[in-house]
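Step one of this worksheet: look at the structure below.
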Amino acid sequence: MHFLDLIGPLFLLSFFGYHLGRRRALSLGGGRSLTLHSRPPYYGFFVALWGVTPALLVIALWMSLESSVLTRWVVSELPESLRTLPPAQLGLVVSDMHNMAFGSSPRVGDPAVVAAADRLVSLRQNGLHVLQLVTAVLSLSGMAYAYSRISPSFRARNRVERAQMVVMIACSTVAVLTTIGIVLSLTFESIRFFEAVPVTDFLFGTEWSPQTAMRSDQVGSSGSFGAVPLFLGTLLVSLISMVVAVPVGLFSAIYMSEYASQRFRSAVKPALEILAGIPTVVYGFFAALVVAPFFHDAGAMFGISISPTSAMAAGAVMGVMIVPFISSLSDDVITAVPQSMRDGSLALGATKSETVRLVLLPAALPGIVGGILLAASRAIGETMIVVMAAGMTANLTANPFASVTTVTVQIVSLLVGDQEFDSPKTLAAFALGLVLFLVTLILNVVALSIVRKYREQYE
């Protein structure tokens, strides 16, 4: 039995409760909804909400507590020789038990651990059966309570709308708490990193070599954590991508909004936006197999040394990837400019191009700048294209034809494989993530402030 087996019957019961409450409201109103305080569907929704909400809360509570409660229960039944193991070794035993119970690991090894895995599976199945019974009782009890409250004067619409407001507030709270959790997790781990590596060495150091040894007698027991090459590589790749994306995206938006026919626009605009749905790994393959060799061969023809993996190749493909962001946002902003401004400019004798340059673009500039900054945030956070087309070498260079790396690529490389989260090498990923988060946050804030400051000038 799975949790889907619980939720499916629960929503069927709530669907039945909706029709039951609606029919009762109509019957109490004598078949006329005008005698009721609320429309009949609100009474149905009221019964359905009472049928599904308490049960869903119990399911959510059990899902959050099930793993820890059952694991502690099973661990308490282990033999004394296993329960008294050091925490690290006991954690390995618990991990093996979970892999045997719910993973693909064969049930071989210590008989006590195998028996514990069987016990864990049995407890989980029994818990799900009990949970199914409890949720069914709660659902039926809730619907019975809501059914008894229905009367012609009952304010069902107020109750349902209040429940909708609570759901929306809860969803907003989840988004806010998620952001706070991300910031706190990055901050705490970054503080641990800066306790081992000075902030000045990280922000202003020019050598990035985070390889640290496992033992003090090994070569390279202390690494270099100067992140300037990563910041410069990120800036270089992002700048190249924006040089490609901004003109193409902006000019295509101007053409489609002001010059193209409706038939051409309806065909080309969706085709252009398909680029936004292509996975970034596909762009990475295209950059590594087509664009990077093209730049390398073209450079060889003209006597220019271009690395097989270069910032130019990664930036060019990344620019193509973010063209739909700029094009779509700019198109929407230009289209939203009032038609009266176009008519007034043309009536004063301005040409079509003069109207676009002198009237429409200044009016739509806040939205265009906001879209460009959001696209820049997207470019700064890209990983796959850079890994496959620009390489992973931390070079302190502004040469677009050289191999570089970015902050996101290094975060991935630092956290790949089995790592110890007590070493500066691994904690450096959190410091890089914190810097990246702050940069993208600043770009988003600047974009929103520009839109908010100048939006009302032409309304």
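Suppose each label sits 7 Å from its Cα in the direction of the beta carbon; what would the L34-V183 distance come out to in nanometres?
Result: 5.5 nm between the two label points.
Hey, how much of the P(r) for the range 47-174 falls beyond 26 Å, as a percent of Cα pairs?
Details: 3760 of 8128 pairs.
In whole percent, the long-distance tail amounts to 46.
Could you please put H129, H98 in sequence from largest to smallest accessible area, using a 1.4 Å probe? Walk me through the intermediate numbers first.
Working: H129 95, H98 50 Å².
The residues order as H129, H98, largest area first.
Would you mind listing how long the range 311-426 runs along its three principal axes, going by Cα atoms, in whole Å with the largest first?
69, 30, 19
Based on Cβ point charges of +1 for Lys and Arg and -1 for Asp and Glu, what charge dipole magnitude is obtained for the range 1-154 about its Cα centre, in debye rounded to the nearest 20? Can you show the working numbers first?
Values: 11 positive and 7 negative charges, 216 e Å.
About 1040 debye.
Provide the descending list of Cα extents for the range 297-357 along its principal axes, expressed in whole angstroms.
55, 24, 11
Can you pull a Stokes-Einstein diffusion coefficient for the chain at 25 °C (0.890 mPa s), Rh from Kirkwood over Cα pairs, as a whole number of µm²/s?
It comes out at roughly 87 µm²/s.
Only helical DSSP H runs with n ≥ 4 go in: add -39500 (n - 2.57) per run for the chain, normalise by residue count and round the 222 nm mean residue ellipticity to 500 deg cm²/dmol. It would help to have the intermediate numbers written out before the result.
Values: 18 runs with 328 residues, N = 459.
Per the formula, -24000 deg cm²/dmol.
Would you work out the relative contact order for the range 264-401, in percent, from Cα pairs under 8 angstrom that are 6 or more residues apart? Write down the numbers at each step before the final one.
Details: 119 pairs, mean separation 53.9, N = 138.
RCO, the range 264-401: 39 percent.
Once ligands and nucleic acids are excluded and a 1.4 Å probe is used, how much of S266 is accessible, expressed in Å² to the nearest 10?
70 Å²
Report the calculated FRET efficiency for S68 and V412 (r = Cβ-Cβ distance, R0 = 22 Å), to the nearest 0.05. List each step's numbers first, then the result.
On the way: r = 30 Å, r/R0 = 1.38.
Efficiency computed from Cβ-Cβ geometry: 0.15.
When the solvent-accessible surface of protein heavy atoms is calculated with a 1.4 angstrom probe, in what order do Y259, Y42 fall, highest first? Please report the intermediate quantities before stating the final value.
Values: Y259 110, Y42 60 Å².
The residues order as Y259, Y42, largest area first.
Normalised by the residues of the range 78-211, what does the relative contact order come to in percent, with Cα pairs under 8 Å and at least six apart? Write out the running numbers ahead of the final one.
Values: 26 pairs, mean separation 17.0, N = 134.
In percent, rounded to a whole number, it is 13.
Calculate the length of the line joining the C-alpha centroid of the range 129-144 to that of the range 267-321, in whole Å.
57 Å
Find the centroid of the Cα atoms in the range 35-92 and in the range 236-263, then give the distance between the two in whole Å.
50 Å
Using label points projected 7 Å from each Cα along Cα→Cβ, tell me how many nm separate M392 and S224, to one decimal.
In this crude spin-label approximation the distance works out to 1.9 nm.
Compare the peptides 44-52, 443-451 by average per-residue count of other Cβ atoms within 10 angstrom and give them in order, highest first.
Values: 44-52: 25.9, 443-451: 15.7.
With the highest mean Cβ count within 10 Å placed first, the list reads 44-52, 443-451.
At 24 angstrom or more along the helix axis (alpha-carbon based) and mean Kyte-Doolittle of 0.0 or higher, what helices does the chain contain? Whole DSSP H runs only. List each step's numbers first, then the result.
Details: long enough: 4-28 (36 Å, 0.77); 40-76 (54 Å, 1.13); 111-149 (57 Å, 0.68); 156-196 (60 Å, 0.91); 228-254 (38 Å, 2.26); 311-335 (34 Å, 1.49); 361-380 (28 Å, 1.61); 424-454 (45 Å, 1.67).
Membrane-span-like by this rule: 4-28, 40-76, 111-149, 156-196, 228-254, 311-335, 361-380, 424-454.
State the dimensionless ratio Rg/Rh of the range 1-92 (Rg: radius of gyration of Cα atoms; Rh: Kirkwood radius). Write down the numbers at each step before the final one.
Working: Rg = 23.3 Å, Rh = 16.8 Å.
Rg/Rh: 1.39.
With each label point set 7 Å from Cα along the Cα-Cβ vector, what nm distance links S266 and V166?
Modelled inter-label distance: 4.6 nm.
Estimate the FRET efficiency between D332 and F285 by the formula 1/(1 + (r/R0)^6), using the beta-carbon distance for r and 25 Å for R0, to the nearest 0.05.
That gives a FRET efficiency of 0.20.
To the nearest 0.05, what FRET efficiency results for S209 and L358 with a Förster distance of 56 Å applied to their C-beta separation?
Numbers: r = 53 Å, r/R0 = 0.95.
That pair, S209 with L358, gives E of 0.55.
Which is the longest run of the chain containing none of the trypsin sites (Lys or Arg not before Pro) found in DSSP loop states (not H, G, I, E, B) with at most 15 other C-beta atoms within 10 Å? All intermediate terms of the calculation are to be shown ahead of the outcome.
Numbers: sites that count: R32, R107, R155, R215.
Longest run free of exposed loop sites: 216-459.
Ranked from highest to lowest mean number of other Cβ atoms within 10 Å per residue, what is the order of the peptides 139-147, 179-187?
Most protected by this proxy first, the peptides run 139-147, 179-187.
Shape call for the range 116-205 from the C-alpha gyration tensor, a ≥ b ≥ c root eigenvalues: rounded (a/c under 1.5), prolate (a/b greater than b/c) or oblate?
Details: a/c = 8.42, a/b = 1.69, b/c = 4.99.
Since a/c reaches 1.5 but b/c is at least a/b, the shape of the range 116-205 is classed as oblate.
Got the relative contact order for the chain handy, in percent, Cα pairs under 8 Å and 6 or more residues apart? List each step's numbers first, then the result.
On the way: 581 pairs, mean separation 71.8, N = 459.
Value for the chain: 16 percent.
Once amide H atoms are built 1.01 Å from N in the peptide plane, which residues 5 or more positions from S209, or in another chain, come under 5 Å H to H?
S224, F225, G226
The values are calculated or read from the model by the stated rules, or taken from the named source; none is laboratory data. Owing to the predicted nature of the structure, the values given are computational and were not obtained by experimental measurement. All Cβ positions, even for glycine, are placed from backbone atoms using ideal geometry, and neighbour counts span all protein chains on display. The protein model used for the area step is the full one, side chains on, heavy atoms only, and it has no ligands, DNA or RNA in it. Shrake-Rupley method; radii C 1.70, N 1.55, O 1.52, S 1.80 Å.
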